[in-house]
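Here's the structure, in C-alpha cells; my notes come after.
The values are calculated or read from the model by the stated rules, or taken from the named source; none is laboratory data. The structure presented is a predicted model; accordingly, all values stated were derived computationally and were not measured. Here the Cβ is made from the backbone with ideal geometry for all residues, glycine too, and neighbour counts use every protein chain on show.
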Amino acid sequence: MSHHGAENPSGAPENLVYRVAHLADHLAAGPLGELGVRVEARGEAVLLTGTVPSAQCRDDILRAARDELAGFPVYSDLLVADAASPDHAEELA
C-alpha cells in the first residue's frame, strides 16, 4: 500500500522518485535527446551527472530539471565536452 509522501528504500520520497523518472524520460525523448545524463534522487535532493555537448545544452537540462523538480534541491555535476579543435600542434617526443 502506498501513502502520499511515503519513502522508498533509497530514502527518497515517492513523489520525488516519480518526478525523477519523468525528468529522465523527458531528457531522453525530448528535444534535448540526452541519454548520457544520469538523474538520481539522493534523499530529498537530486543529482545530475554526465557529459553534455555544450554549455547551452547543460543550461537547458538544468532549467528542465528545476522546472520538473520544483521544491527539491537540484545539484549538478554535468561536464561540458570540449569539442573545439586544438589551438596549437601537439609535440611528440
Exercise for the section: Go through (1) without any contact (Cβ under 8 Å) to a residue 24 or more places away in the chain; (2) over 20 Å from V80 (Cα atoms); (3) not in a helix (DSSP H, G or I) and name the single condition E40 misses. Expected result: (2)
Practice task
Would you mention how many residues in the stretch 43-67 are in contact with a Lys or Arg (Cβ under 7 Å, 6 or more places away or on another chain) and assigned to a helix (DSSP H, G or I)?
Solution key: 0
Handout entry: Complete set of residues in the stretch 12-23 that are small (G, A, S) and at pLDDT below 90
Key = A12
Handout entry: Tabulated pairs, the stretch 56-67, first among the small types (G, A, S), second at pLDDT 90 or above, C-beta under 7 angstrom, 6+ apart or interchain
Key = A64/L23; A65/L23; A65/V46; A65/L48; A65/V74
Exercise for the section: Determine whether the stretch 68-81 contains at least one residue that is in a loop (DSSP other than H, G, I, E, B), over 17 Å from H26 (Cα atoms) and among the charged types (D, E, K, R). Expected result: no
